[in-house]
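Working notes for the structure below.
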Ligand code: HEM
């Protein structure tokens, strides 16, 4: 036997690793998974710091359940509502998949908002993370657009009225609203175009932005603990705080993900996703999903254009925040002005939302 072969056999014989360990090592050698075990500060494993990850998991659940629904959904106006009903009644576990999709959408919205509130309270949008904050704002806008397009797809009264609002808003925006006009692509129904946006364009852009978002989190490192003295950089903070491997963070996220999938499954069974009857044009009797209640109260008071300027003001305030609030303090108790303004905005949104909850649907169009 050649010498080099004898040597390698000798090395294998002395290898005391189990076959499972060896298989894992072989995979790692090729995929470099242990590179993920880089150190992250201990505070990054607290629940509030995992909200972004939980939002990402909701997104994965949405993609998974959405792929199943796409096999049975028909985006043709004459068939759309009926195809959703068929998913509920004829497709194996169709109601479960649809319910999980419906509840995962709520989870992603709530997760993103709570994550944003955590970033706000810990001042994590401040230098050098302004760009990543803006990416986050863009993703929040896209999540809102995904919720809207998803509502239209079921093509019941609620979806039809949502689309009616959208077309009117498109008209109001003049040239800027061209994409929302049914005339933009006369041969293709607007439902089909919104479907394309819902299943390809919006999730595709979210995915690209999410990759950028996470690369920037890696590049800037997790923001330092907000109780550290103002101006402490992530590098300085890293010298004083114990660390844990990032793989531990991932393990926690996997556990949260399994729990979240279970909770969404239970919700899907107990509270199935709603579907109304085929729409009747010319009437207005429904309310939009709860995330849109605050701009709809504005619409009740000031007319359709209020939805546009209400959303514009909201997203403008979010976008300019890191460029206006540039002080070095990061702990919320030491930022009374920023906290005061945020509380006023939150109170206004809450009151507008409650008002819509207790007001009967009004005719606008
Ligand atoms: C699709 C929605 C989103 C996903 C999946 C997501 C995901 C994440 C993840 C996994 C992290 C790591 C830290 C953590 O989990 O807290 C993170 C950090 C961050 N996110 Fe998001 N995010 C989303 C939306 C947003 C929004 C709406 C904003 C703000 C408007 C935002 C701003 C930031 C910033 C500034 C950081 C750095 C935080 C730090 O270093 O402490 N993200 N995001």
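Read the figures in this text as sums done on the coordinates, not as results from a lab. Keep in mind it's a predicted model, so treat the numbers as computed, not measured. Note: ideal-geometry Cβ built from the backbone for every residue, glycine included; neighbour counts use all protein chains shown.
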- Message: For a quick check: sort 124, 16, 58 by the number of other beta carbons within 10 angstrom, fewest at the front.
- Response: 16, 124, 58
- Rounded to one decimal in nm, the spacing of the 7 Å Cα→Cβ label points at residue 19 and residue 230 is 6.3 nm
- Item | Length-normalised contact order of the chain in % [C-alpha pairs under 8 Å, at least 6 apart] | 26 percent
- Summing -39500 (n - 2.57) over every DSSP H run of at least 4 in the chain, dividing by its residue total and rounding to the nearest 500, the 222 nm mean residue ellipticity is -21500 deg cm²/dmol
- Descending semi-axes in whole angstrom, ellipsoid equivalent of region 145-192, from the Cα gyration tensor: 18, 13, 9
- Item | Crossing angle, helix 246-270 versus the chain [Cα axis fit, 0-90 degrees, rounded to tens] | 30 degrees
- Note on the structure: Sorted largest first, the C-alpha extents of region 149-242 along its principal axes in whole angstrom are 62, 27, 24
- Message: Can you tell me, using C-alpha contacts under 8 Å and at least 6 residues apart, the relative contact order of region 69-119 as a whole percent?
- Response: 25 percent
- By how many degrees, between 0 and 90 and to the nearest 10, does the Cα long axis of helix 19-31 differ from the longest principal axis of the chain? 70 degrees
- What FRET efficiency, computed as 1/(1 + (r/R0)^6) with R0 = 45 Å and r the Cβ-Cβ distance, is obtained for residue 284 and residue 33, rounded to the nearest 0.05? 0.25
- Message: Show me the three semi-axes of the equivalent ellipsoid for region 54-192, from the C-alpha gyration tensor (sqrt of 5 times each eigenvalue), largest first, rounded to whole Å.
- Response: 30, 23, 11
- Task: Taking just the C-alpha trace of region 322-365, give me its Rg and Dmax in Å.
- Result: 16.4, 49
- Message: If I fit a long axis through the Cα atoms of helix 130-153 and take the longest principal axis of the Cα atoms of the chain, what angle between them do I get, 0 to 90°, rounded to 10?
- Response: 50 degrees
- Item | Calculated FRET value between residue 86 and residue 117, using beta carbons and R₀ = 56 Å, to 0.05 | 0.90
- Task: Could you work out the relative contact order of region 84-182, using alpha carbon pairs under 8 angstrom and six or more residues apart, expressed as a whole percent?
- Result: 15 percent
- Note on the structure: Averaging 1/r across every pair of distinct alpha carbons in the chain and inverting yields a Kirkwood hydrodynamic radius, in angstrom, of 23.5 Å
- Message: Within a 10 angstrom radius of the beta carbon, how do 154, 218, 126 rank from fewest other beta carbons to most?
- Response: 218, 126, 154
- Task: Would you please give the FRET efficiency between residue 344 and residue 181, computed as 1/(1 + (r/R0)^6) with r the Cβ-Cβ distance and R0 = 35 Å, to the nearest 0.05?
- Result: 0.45
- By how many nm would the segment from residue 355 to residue 277 grow when fully extended, if each residue of separation counts as 0.36 nm and the alpha-carbon distance is taken off? 25.4 nm
- Rank these for me by crowding, 102, 184, going from fewest to most other beta carbons within 10 Å. 184, 102
- Task: Any chance you could check the Cα centroid distance between region 213-243 and region 79-131 for me, in angstrom?
- Result: 29 Å
